[in-house]
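Novice: Below: one structure in C-alpha cells.
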Amino acid sequence: MATVVLVGTLDTKGHEYAFLRERLMEHGVEVVVIDVGVGDPLAIRPEVSGEEVAEAAGTSRASLTAAGDRGAAMDAMGRGAAAIVGRLHGQGRCDGVLATGGSGGTSVATRAMQALPVGVPKLMVSTMASGNVRPYVGAVDIAMMHSVVDIAGINQVSSRILGNAAAAIAGMALAEPPALGSPRPLVGATMFGVTTAAVTAARERLEELGYEVLVFHATGAGGQSMEALARDGFLAGVLDLTTTELCDDLVGGVLSAGPDRLEAAGELGLPQVVSVGALDMVNFGPRDTVPAEFEHRNLYVHNPTVTLMRTTPEETGELGRRIAAKLNRATGPVALYLPLRGVSAIATEGQPFHDPAADEALFDALRSGVDPDVVKLEERDTHINDTAFAHEAADALHAMITAAPRR
C-alpha cells in the first residue's frame, strides 16, 4: 500500500490536517503525519511529534518556544522535517508528500519536500501559490495549489480544495511509473535562446549516440534543477554549454542560480563538457526595471519582459577566474570549449553585444586560470552556435562517458 506523508503545523492547522488524513484514508493510502509546529497539536495525533522534528534539527521544541524567535523556529523545524522525510523515503514509507499552510507552513513543508528526489509526488496547498513560488519550489518538482481562502477551518470552499489535493496526491502515490523500455543514459544540457542552435545540434548528436538529453533553460531555476538531478544520480554526464547564470550571480541580475552553480558535476565526478555560452549578458526584467546604476551600460531589449546588459571586460575577467576555480576542483573528467568568435547569437561580429575586449578578458582569465592537469582546454576559431563546434562538444562528452567507470 502507498504511503502519503502529511507535513504541517498541527498547533494551528490541526483540524485541516485531520480532514486531509480522513480523505487520504478514504482513497486507500496509509498516512504518516509529521508535526512541525512548536505548540501542542490540535485535533490530530501525529506519528512524528514536533519534539522529534526539533531533535532531528539538533534542538528541542522547548528551547525553540522559549527563544520566542518564530523565524529561527521555522528554520529549525524545516531542517528537522527534511531529515525525517528523507529517512522515511529511504525506508520505503514515503510515496508522496502533501502539506497546506500560509507562508510559514509553506516554507517549512516545502523545505522537507525539496529533500526528496525528483519524481516523488509533492503537493503544497498554499496561500502563497498565486505569487512567486520559486523560493518554495526550488529545483525540484513541487506542485503548488492555490488555497484561494486562508487555511483557517473547513468550509464549503476549503473542503473542496483540500479534498481535491488529497485525491491528487493519493492518485500520484498509487500510480505506477510509466514503462519506458530500456532506458537510455541521461545527459543534462543547458540552453538559452541565444545558444539554442548549439544545444539543439549537440542534443541531436547525443541522441544519435544513444543518449536521452534533458535540456534546462538557464534561468536560475534551470541550472539548479539540472544540478539537483545530478546529485540525485540521474545523469551520466553534463553538457554545460550555457553558463550564463554565473553572470547574474556576479552582477546582480534576476536569473542567478546561486554561487554554487557549476560545482555539482565536479563534486560528483561526472563527465562534463563546459562552455561559455551567454556569458556576454546579465538579465533584468522589463526595460524600466533595470537599476539606475546600469543606465549607461550597453542594454538590449530582448522582449517586453527581458532586458539584457552586456558584461564588461572587468566582469568577464572575474567570471573566467570563477569558472576556472570551480572546474579545477572537479573530481571527474572535464573539458572546457571556448568559441573565440562569439559566446552567443548576439555577441558575434555585427551584433549588439559584439565586444572583443570583453571576450578576450574572459578567455585570458580561463587560459591562465585552469589547471591543465584537471581541465582539458579546447579553443576553436568559431562562434558558439556553429554546428561543428556543437558536434565536437557532444562527441567529447560521449568519449568521456564511455571511458569513465560505471557509477
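Novice: So which pairs qualify, if the first residue must be in the stretch 304-319 and under 12 Å from residue 279 (Cβ atoms), the second must be assigned to a loop (DSSP other than H, G, I, E, B) and among the hydrophobic types (A, V, I, L, M, F, W, C), the Cβ gap must be under 6 Å, and the two must be at least 6 apart or on different chains?
Specialist: Pairs found: 310/353; 319/279.
Novice: In this structure, does residue 390 turn out to be of a type outside the set (S, T, N, Q) and either more than 19 Å from residue 340 (Cβ to Cβ) or in contact with a His (Cβ under 6 Å, 6 or more places away or on another chain) (or both)?
Specialist: no
Novice: Moving on to the next point. Looking only at the stretch 49-78, which residues are of a type in the set (A, V, I, L, M) and surrounded by fewer than 18 Cβ atoms within 10 Å (Cβ to Cβ)? Step through it out loud before you land on a result.
Specialist: Taking the stretch 49-78 first, the residues of a type in the set (A, V, I, L, M) are 53-54, 56-57, 62, 64, 66-67, 72-74, 76-77.
62, 66, 67, 72 - these are the residues of the stretch 49-78 that are of a type in the set (A, V, I, L, M) and surrounded by fewer than 18 Cβ atoms within 10 Å (Cβ to Cβ).
Novice: Against the definition (in a loop (DSSP other than H, G, I, E, B) and either free of Cβ contacts under 8 Å to residues at least 60 places away in the same chain or among the aromatic types (Phe, Trp, Tyr) (or both)), how does residue 44 come out, yes or no?
Specialist: Working: in a loop (DSSP other than H, G, I, E, B): yes; either free of Cβ contacts under 8 Å to residues at least 60 places away in the same chain or among the aromatic types (Phe, Trp, Tyr) (or both): yes.
Answer is yes for this residue.
Novice: Right, another one. Which of the following residues is more than 23 Å from residue 366 (Cβ to Cβ), open to solvent by less than 10 Å² (accessible area, probe 1.4 Å) and not small (Gly, Ala, Ser): 307, 289, 316, 311? Before you say what the answer is, go through the steps one by one.
Specialist: Values: 289 fails: open to solvent by less than 10 Å² (accessible area, probe 1.4 Å); 316 fails: more than 23 Å from residue 366 (Cβ to Cβ); 311 fails: more than 23 Å from residue 366 (Cβ to Cβ).
None of the others qualify; the one that does is 307.
Novice: What's the number of the only condition in (1) over 24 Å from residue 189 (Cα atoms); (2) over 22 Å from the mean Cα position of the chain (by Cα); (3) of a type outside the set (A, V, I, L, M) that residue 285 fails to meet?
Specialist: (2)
Novice: In the stretch 37-48, which residues are out of contact with any Leu (no Cβ under 8 Å at 6 or more places or on another chain) and crowded, with 18+ Cβ neighbours inside 10 Å?
Specialist: Answer for the stretch 37-48, where residues must be out of contact with any Leu (no Cβ under 8 Å at 6 or more places or on another chain) and crowded, with 18+ Cβ neighbours inside 10 Å: just 48.
Novice: Next question. Does the stretch 248-256 contain any residue that is within 21 Å of residue 333 (Cα to Cα) and either aliphatic (A, V, I, L, M) or open to solvent by 30 Å² or more (accessible area, probe 1.4 Å) (or both)?
Specialist: Step one: of the stretch 248-256, the residues within 21 Å of residue 333 (Cα to Cα) are none.
No, because not a single residue in the stretch 248-256 is within 21 Å of residue 333 (Cα to Cα) and either aliphatic (A, V, I, L, M) or open to solvent by 30 Å² or more (accessible area, probe 1.4 Å) (or both).
Novice: On to the next question. Any idea how many residues of the stretch 210-242 are assigned to a strand (DSSP E or B) and out of contact with any Asp or Glu (no Cβ under 8 Å at 6 or more places or on another chain)?
Specialist: Counting residues in the stretch 210-242 that are assigned to a strand (DSSP E or B) and out of contact with any Asp or Glu (no Cβ under 8 Å at 6 or more places or on another chain) gives 11.
Novice: Please specify each residue of the stretch 319-348 satisfying the condition of being open to solvent by less than 10 Å² (accessible area, probe 1.4 Å) and either at pLDDT below 95 or among the polar types (S, T, N, Q) (or both).
Specialist: 344
Yes/no per residue for (1) open to solvent by 70 Å² or more (accessible area, probe 1.4 Å); (2) within 30 Å of residue 383 (Cβ to Cβ); (3) of a type outside the set (Phe, Trp, Tyr):
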| site | (1), (2), (3) |
| --- | --- |
| 129 | no, no, yes |
| 153 | no, no, yes |
| 166 | no, no, yes |
| 169 | no, no, yes |
| 172 | yes, no, yes |
| 179 | yes, no, yes |
| 189 | no, yes, yes |
| 204 | yes, yes, yes |
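Novice: Looking at the stretch 50-62, I want the residues that are farther than 14 Å from residue 9 by Cα and modelled with pLDDT of 95 or more and have a partner that is open to solvent by 70 Å² or more (accessible area, probe 1.4 Å) and among the charged types (D, E, K, R) with Cβ atoms under 6 Å, at least 6 apart or on another chain. Which pairs are those?
Specialist: Short answer, once both residue conditions are applied: 57/79.
Novice: OK, next. Return the residues of the stretch 114-126 that are open to solvent by 40 Å² or more (accessible area, probe 1.4 Å) and either in contact with a Cys (Cβ under 9 Å, 6 or more places away or on another chain) or in a loop (DSSP other than H, G, I, E, B) (or both); say none if nothing qualifies.
Specialist: 115, 118, 119
Novice: May I ask you to verify whether residue 101 is open to solvent by less than 10 Å² (accessible area, probe 1.4 Å) and at pLDDT below 95? Talk me through it step by step, then tell me what you get.
Specialist: Values: open to solvent by less than 10 Å² (accessible area, probe 1.4 Å): yes; at pLDDT below 95: yes.
Yes; evaluated as a whole, the condition is true for this residue.
Novice: Give 290, 274 a once-over and let me know the one that is over 20 Å from the mean Cα position of the chain (by Cα), among the aliphatic types (A, V, I, L, M) and modelled with pLDDT of 95 or more.
Specialist: Checking each option against the conditions leaves just 290.
Novice: Among (1) out of contact with any strand residue (DSSP E or B) (no Cβ under 7 Å at 6 or more places or on another chain); (2) open to solvent by less than 20 Å² (accessible area, probe 1.4 Å); (3) part of a loop (DSSP other than H, G, I, E, B), there is one condition residue 94 misses while meeting the rest; what is its number?
Specialist: The failed condition is (1).
Novice: In the stretch 131-176, which residue that is in contact (Cβ under 8 Å) with a residue 40 or more places away in the chain, on the phi < 0 side of the Ramachandran plot and outside any helix (DSSP H, G or I) is nearest to the chain's Cα centre (by Cα)?
Specialist: In the first step, residues of the stretch 131-176 are kept if they are in contact (Cβ under 8 Å) with a residue 40 or more places away in the chain; the result is 134, 137-140, 147, 150-151, 153-154, 158-159, 162-163, 165-174.
Then drop every residue that is not on the phi < 0 side of the Ramachandran plot, which leaves 134, 137, 139-140, 147, 150-151, 154, 158-159, 162-163, 165-174.
Applying the additional criterion that residues be outside any helix (DSSP H, G or I) yields 139-140, 147, 150-151, 154.
Working: 139: 2, 140: 6, 147: 24, 150: 28, 151: 28, 154: 34 Å.
Per the stated criteria, the residue is 139.
Novice: Hey, residue 75 hits all of (1) without any contact (Cβ under 8 Å) to a residue 40 or more places away in the chain; (2) over 25 Å from the mean Cα position of the chain (by Cα) but one; which does it fall short on?
Specialist: (2)
Novice: In the stretch 12-36, how many are assigned to a loop (DSSP other than H, G, I, E, B) and either of a type in the set (Ser, Thr, Tyr) or open to solvent by less than 80 Å² (accessible area, probe 1.4 Å) (or both)?
Specialist: As a first pass, look at the stretch 12-36 and keep what is assigned to a loop (DSSP other than H, G, I, E, B): 27-29, 36.
With either of a type in the set (Ser, Thr, Tyr) or open to solvent by less than 80 Å² (accessible area, probe 1.4 Å) (or both) added as a condition, the list becomes 28-29, 36.
The qualifying residues number 3.
The values are calculated or read from the model by the stated rules, or taken from the named source; none is laboratory data. Just so it is clear, the model here is predicted, and its values are computed rather than measured. Backbone-built Cβ (ideal geometry, glycine too); neighbour counts: all protein chains shown. SASA here: full protein model, heavy atoms, side chains in, ligands and nucleic acids out. Shrake-Rupley method; radii C 1.70, N 1.55, O 1.52, S 1.80 Å.
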